[in-house]
Amino acid sequence: MKMIQSIMKFIKNFVLVLISIAFSLLIGEIVLRIYTDFPKFPNSSYMVEDSNFGFKMNNDLKDIDKLGFRNIEGKYNNYQIATIGDSHTYGNGVTSKEAWPYQLEEIIDKPTYNYGNSGNGIYSYHFLAKDVFTKNKKIILGLYLPNDFAYKDYICLIDFNNSFWKKEVVRLKLNPPLRCDSLENVNTKMDFVRLAIMKSAVLSITYELIWRPIRKTKNKDKNYIEVHERFAPMEIDLLEGFMKLTDLENPKISLVFSDFKKIVKDWKQSSDEGSIGIILIPSAQAVYLNALEKLNIKPNSKSKIEFYTQNELLLEEQVLNFLQKLNIPALSVKKNLVEEFIRNLPSESTLQFYPDNSHPIAAGHRAYAKTAKEIYLKMKEMSK
């Protein structure tokens, strides 16, 4: 009898504790929503939400114009080429003058406007391209293969019921995730975490003030693949994530790829010949794989790298074949990236070409710009 009473008392106390915690979290959530700007997307101190295309930059930051893009003020009214893309076009980890849009401008001597922003993707690019076409300008798209066809966070910020998107969805028969905050659209564990952070003020502030700083200093616990003594190791979580996000067997990825084809066909039909060019930006692991072959290095981990890049290589092939049929100039940056990578390869792995395992240093952007120049010359020839 005493044991039953003890168990019942324990259950009662446990339930009371759970109710207290839930009540405290609820109060905390309400207070944070009233008196702070939480919940917010991670890194939103420098990113601003836009219901038309997802993310733009806080224009209080250096080198950001009033429209939220990485350009000197006034350039929007005086450019000839628009570079559109995600963080690889924006230039994460490099200065504005090191990012490939600026390097391209210097090479071809044509005013270039950088429409790149972290986190954006296919649907963002469509809205921005439409703005460019109204000005009768040329576009070079930096298509980042590892995640541009994924259901990324930016999609959750786009209002597909506004006048622009309502019309485009019907006109082009697009299939965007109209309920992107649904768990059905979560691709990975990381997507679930990010979704929770975006929706909860308590989780959002916990991430921003506690978890993010800890995460910066705790890289030792990550699981890596050692490539070679002269190569930086690769983070397995990142490799697995990119593998999922380039899998055309995944119905979600396939759906976005299908919309991409509809969108690019529309660009082709609504612009002059030679107005569009595309550079395909590969993952760090794809560059590593090609560099290993060129250097005739055969590490034990090579088969693992091949495994993680197989979906990306198939996706690249399909994108290039599709663009070729449309007669849209397109090139992979891989060849030029591998050359720059080998040129910058240190004798020891202290200097990393990809400091965050994803975004390259300025030399990588030089490869992007070199490829973009090749594309531009093809576009120029077509427009004669």
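Can you compute the FRET efficiency between S254 and T134 using 1/(1 + (r/R0)^6), with r the Cβ-Cβ distance and R0 = 35 Å? Round to the nearest 0.05. Could you put the intermediate results ahead of the total?
Working: r = 31 Å, r/R0 = 0.88.
The computed FRET efficiency comes out at 0.70.
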For the stretch 289-384, what class follows from the C-alpha gyration tensor (a ≥ b ≥ c being the square roots of its eigenvalues): rounded when a/c is under 1.5, otherwise prolate if a/b is larger than b/c, else oblate? oblate
Simple spin-label estimate for K384 and K304 in nanometres, 7 Å along Cα-Cβ: 5.1
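Just order 13-20, 135-142, 265-272 by mean Cβ neighbour count inside 10 Å, highest at the front, would you?
Values: 13-20: 10.0, 135-142: 20.8, 265-272: 14.5.
Descending packing order for the listed peptides: 135-142, 265-272, 13-20.
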Among 298-304, 147-153, how do they line up by average Cβ neighbours within 10 Å per residue, starting with the highest? 147-153, 298-304
Need the full-extension length gain, M3 to S20, defined as separation in residues times 0.36 nm minus the C-alpha distance. One decimal, nm. 3.6 nm
Take the alpha-carbon centre of the stretch 124-180, take the same for the stretch 273-344, and report the distance between them in whole Å. 24
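I want to check a number: in the stretch 74-146, how many lysine pairs have alpha carbons closer than 13 Å, given a sequence separation of 8 or more or different chains?
Numbers: K75/K110; K110/K137; K110/K138; K130/K138.
Eligible lysine pairs with Cα atoms under 13 Å apart amount to 4.
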Interchain or long-range residues, amide H under 5 Å from S332's placed H: L280
Multiply the residue separation of E106 and V31 by 0.36 nm, subtract the distance between their alpha-carbon atoms, and state the gained length in nm to one decimal. 22.0 nm
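When you count, for each residue, the other Cβ atoms within 10 Å and take the mean per peptide, how do 306-315, 76-85 rank with the highest first? If you can, show how the numbers build up before the last one.
Values: 306-315: 17.7, 76-85: 19.7.
Output ranking for 306-315, 76-85: 76-85, 306-315.
Within the stretch 309-384, what is the number of lysine pairs with alpha carbons under 16 Å apart, leaving out pairs fewer than eight places apart on the same chain?
Numbers: K325/K378; K334/K370; K334/K373; K335/K370; K335/K373; K370/K378; K370/K380.
Lysine pair count for the stretch 309-384: 7.
Readers should treat all values here as calculations from the given coordinates under stated rules, not as data from a laboratory. All values reported here derive from a predicted model rather than from experimental measurement. Note that each Cβ is placed from the backbone with ideal geometry, even for glycine, and that neighbours are counted across all protein chains shown.
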